[in-house]
1. Could you state the orientation-averaged shadow area of the convex hull built on the Cα atoms of segment 73-131, in nm² to one decimal?
2. Select from segment 26-131 those chymotrypsin sites (Phe, Trp or Tyr not before Pro) which occupy a DSSP coil region and have at most 16 other Cβ atoms within 10 Å, ordered by residue number.
3. Given Cα pairs under 8 Å that are at least 6 residues apart, what percent is the relative contact order of segment 1-71?
4. Restricting to bridges with both residues inside the chain, how much of the DSSP beta-bridge set is antiparallel, in percent to the nearest 5?
5. Rounded to a whole number of µm²/s, how large is the Stokes-Einstein D of segment 2-41 at 37 °C and 0.692 mPa s, given Rh as the Kirkwood radius over C-alpha pairs?
6. Could you state the orientation-averaged shadow area of the convex hull built on the Cα atoms of the chain, in nm² to one decimal?
7. Using a 1.4 angstrom probe, figure out how much accessible area the chain has per residue, in square angstrom, rounded to the nearest whole.
8. For residue 81 and residue 1, calculate 0.36 nm times their separation in residues minus their Cα-Cα distance, and state this gained length in nm to one decimal.
Amino acid sequence: RAVTQAMELVDATALRETPFESLSDGQRQRVMLARAICQEPKVLLLDEPTSFLDLKHKLDFLDLLRRLTRERGLAVVMSIHELSLAARYSDRVLCLRDGRVDRFGPPGEIFTGSYIDALFDLEPGSAEIFL
């Protein structure tokens, strides 16, 4: 039952009989998330979970993670380099610089153009297109 529900959550039911090695990278991401969800974890630690997903599936994936945090009290910690997605979906953002925590807080406080320009050594005003 838990496996079926998790596969339904990530829209992977149609993949049930497909060998894992035959799946696309995006399909594998969804199946791996279903695998984690059916174990009913308290915390999910994800490294670039939207890699290999097209835009629709990225948004669906992140919407699902947000819903799980709200409905199940699941904590999600993830690394994500797409600033616009991090700003849209994160409750808190942690930025690293030279292997150390540089800033931590709500996206609205962290994602300012001048800070992102400095963080990534960009020309002033360059980060505006990402925010």
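1. For the Cα atoms of segment 73-131, the hull's average projected area reads 4.1 nm².
2. Within segment 26-131, the qualifying chymotrypsin sites (Phe, Trp or Tyr not before Pro) (loop, at most 16 other Cβ atoms within 10 Å) are 52, 120.
3. 36 percent
4. Roughly 50 percent of the DSSP beta bridges within the chain come out antiparallel.
5. 332 µm²/s
6. 9.1 nm²
7. Counting only protein heavy atoms, the per-residue value for the chain is 66 Å².
8. Working: separation 80, 0.36 × 80 = 28.80 nm, distance 3.44 nm.
Between residue 81 and residue 1, full extension yields 25.4 nm more.
The values are calculated or read from the model by the stated rules, or taken from the named source; none is laboratory data. Predicted model, so just to flag it, every value in this text is computed and none were measured. FYI the Cβ positions are ideal-geometry reconstructions off the backbone, even for glycines, and counts take in every protein chain you see. All accessible areas refer to the heavy atoms of the entire protein, side chains included, with ligands and DNA or RNA removed. Shrake-Rupley method; radii C 1.70, N 1.55, O 1.52, S 1.80 Å.
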